Amino acid sequence: GCQITKKGSIKNSVLCNVTAQTVETDGAIIVNCVAPSITAGEGAILYNLISPDKPIVAAAGSVQVAVTSEEEDESLVLQSRMDIDGGKAWKNKIEELNDVSFEDIFLKNKMANVGAIEAKREKLYKEAASKILS
């Protein structure tokens, strides 16, 4: 379920497992995200973002996905846009958005322990949600 504690406006959007004080969105998909506030424009997709101290802001058509690894304490936010074909841009760094390519992330996580990563991500989510809801 979602926990949105103060105010906001959610129109024509899909939210699942979202924790925030406020959410402002129209026409976005937001899944497994936690932040003090979340603003997502039309067509934005936000997935697995954990931001206990800073708002999450996504322009229309923005795609933001957090990639958590076993080794690092913080997740990498991989960004794209709805007008970018990920298949065609697979090996390229999208300079204005990311320091790595989609392929770099795939290769780095190819043999990852998904269960361990999910447990770590769940712990980080709960810690951030507790901070935001207190």
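The values are calculated or read from the model by the stated rules, or taken from the named source; none is laboratory data. Please read all numbers here as calculations on a predicted model, not as lab measurements. Cβ atoms come from the backbone with ideal geometry, glycine included; neighbour counts cover every protein chain shown. The protein model used for the area step is the full one, side chains on, heavy atoms only, and it has no ligands, DNA or RNA in it. Shrake-Rupley method; radii C 1.70, N 1.55, O 1.52, S 1.80 Å.
Between the listed residues Q21, M82, Y125, the Cα displaced farthest toward the positive end of the dipole of the chain, a dipole computed from Cβ unit charges relative to the Cα centre, is found at Q21.
When both the stretch 103-134 and the stretch 7-31 are represented by their alpha-carbon centers, they are found 21 Å apart. Rolling a 1.4 angstrom probe over the stretch 24-134 with all protein chains present gives an accessible area of which 55% lies on carbon and sulfur atoms.
What's the magnitude of the charge dipole for the chain around its Cα centre, counting Lys and Arg as +1 and Asp and Glu as -1 at the beta-carbon? Answer in Debye, nearest 20.
Details: 15 positive and 19 negative charges, 85 e Å.
Magnitude of the dipole: close to 400 debye.
Give me the accessible area per residue for the chain, probe 1.4 Å, as a whole number in Å².
Values: 7860 Å² over 134 residues.
Accessible surface, normalised per residue, equals 59 Å².
If you count the DSSP beta bridges with both ends in the chain, what percent of them are antiparallel, to the nearest 5? If I count the DSSP bridges inside the chain, around 20 percent turn out antiparallel. For the residues G43, G87, G61, a GNM of the chain with alpha-carbon springs under 10 Å puts the largest fluctuation on G87. Site-free segments of the chain were taken between GluC sites (Glu not before Pro) in DSSP loops having at most 14 other Cβ atoms within 10 Å, sites themselves excluded; the longest one is 1-69. Residues of the chain were split at every exposed loop site, defined as trypsin sites (Lys or Arg not before Pro) in a DSSP loop with at most 14 other C-beta atoms within 10 angstrom, and the longest piece left, sites excluded, is 1-87.
Ordering D73, D85, D53 by accessible surface, largest first, gives D73, D53, D85; the 1.4 Å probe counts only protein heavy atoms, with every chain in place.
Here K11 is the anchor, and the lysines within straight C-alpha reach of less than 27 Å, apart from those fewer than 8 places off in the same chain, are K54, K126, K131.
What would the Debye formula give as log10 I(q)/I(0) at q = 0.10, 0.12 Å⁻¹ for the alpha-carbon point model of the chain, no solvent? Log10 I(q)/I(0), no solvent term: -0.33, -0.47. Loop-located chymotrypsin sites (Phe, Trp or Tyr not before Pro) in the stretch 50-113 (DSSP state not H, G, I, E or B) with no more than 13 neighbouring Cβ atoms inside 10 Å: W90.
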